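Participant: One structure coming up, written as structure tokens, with questions to follow.
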Amino acid sequence: MSTSGMAGSNPPIFYTVAEAARILRVDVATIYRAIREDAFPAVRLRTRYVIPARAVEEIVRQASESGSVVDVARMTAERRSAREFEAKTGGAW
């Protein structure tokens, strides 16, 4: 399954949790648990979550390029650290 959506249509910017789970071949509960543990990128809109398509595509890219395990929690922590650094220093990482 391609993460870029159906051929000939605009690729999605966000996936629902169910769509992301289907693409990654995991249970929906696994995604929700990771989101709650702040170990998976998501955007909360009131009581719903959406997953940035770019995040899913990055996971797929890293896994296929490295040929090894991709630790999404580590990726999220690195991004969080970079954002905190930028907020404190006003500069890029």
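Participant: Checking the conditions here, which among 59, 31 is modelled with pLDDT of 90 or more and either touching a His at 6+ places or on another chain (Cβ under 6 Å) or hydrophobic (A, V, I, L, M, F, W, C) (or both)?
Facilitator: On the way: 59 fails: modelled with pLDDT of 90 or more.
Just a single option satisfies the conditions, and that option is 31.
Participant: Out of everything in the stretch 64-76 that is outside any loop (DSSP other than H, G, I, E, B) and more than 16 Å from residue 52 (Cα to Cα), what residue ends up being least open to solvent (accessible area, probe 1.4 Å)?
Facilitator: Restricting attention to the stretch 64-76, the residues satisfying the condition of being outside any loop (DSSP other than H, G, I, E, B) are 64-66, 72-76.
Filter once more, keeping what is more than 16 Å from residue 52 (Cα to Cα): 64-66, 74.
On the way: 64: 88, 65: 130, 66: 68, 74: 113 Å².
That would be 66.
Participant: Residue 21 - would you say it is assigned to a helix (DSSP H, G or I), surrounded by 10 or more Cβ atoms within 10 Å (Cβ to Cβ), more than 13 Å from the chain's Cα centre (by Cα) and modelled with pLDDT of 95 or more? Lay out the reasoning, then the answer.
Facilitator: Details: assigned to a helix (DSSP H, G or I): yes; surrounded by 10 or more Cβ atoms within 10 Å (Cβ to Cβ): yes; more than 13 Å from the chain's Cα centre (by Cα): no; modelled with pLDDT of 95 or more: yes.
Considered against the rule, which asks whether it is assigned to a helix (DSSP H, G or I), surrounded by 10 or more Cβ atoms within 10 Å (Cβ to Cβ), more than 13 Å from the chain's Cα centre (by Cα) and modelled with pLDDT of 95 or more, residue 21 comes out as no.
Participant: Moving on to the next point. Exactly one of (1) outside any helix (DSSP H, G or I); (2) at pLDDT below 95; (3) loosely packed, with under 15 Cβ neighbours inside 10 Å; (4) of a type outside the set (Gly, Ala, Ser) is unmet by residue 3. Its number?
Facilitator: Here residue 3 clears every test but (3).
The values are calculated or read from the model by the stated rules, or taken from the named source; none is laboratory data. This is a predicted model, so every value here is computed, not measured. Ideal geometry is used to build each Cβ from the backbone, glycine not excepted, and the neighbour counts take in all protein chains shown. Areas reflect the complete protein model, heavy atoms only, side chains present, ligands, DNA and RNA absent. Shrake-Rupley method; radii C 1.70, N 1.55, O 1.52, S 1.80 Å.
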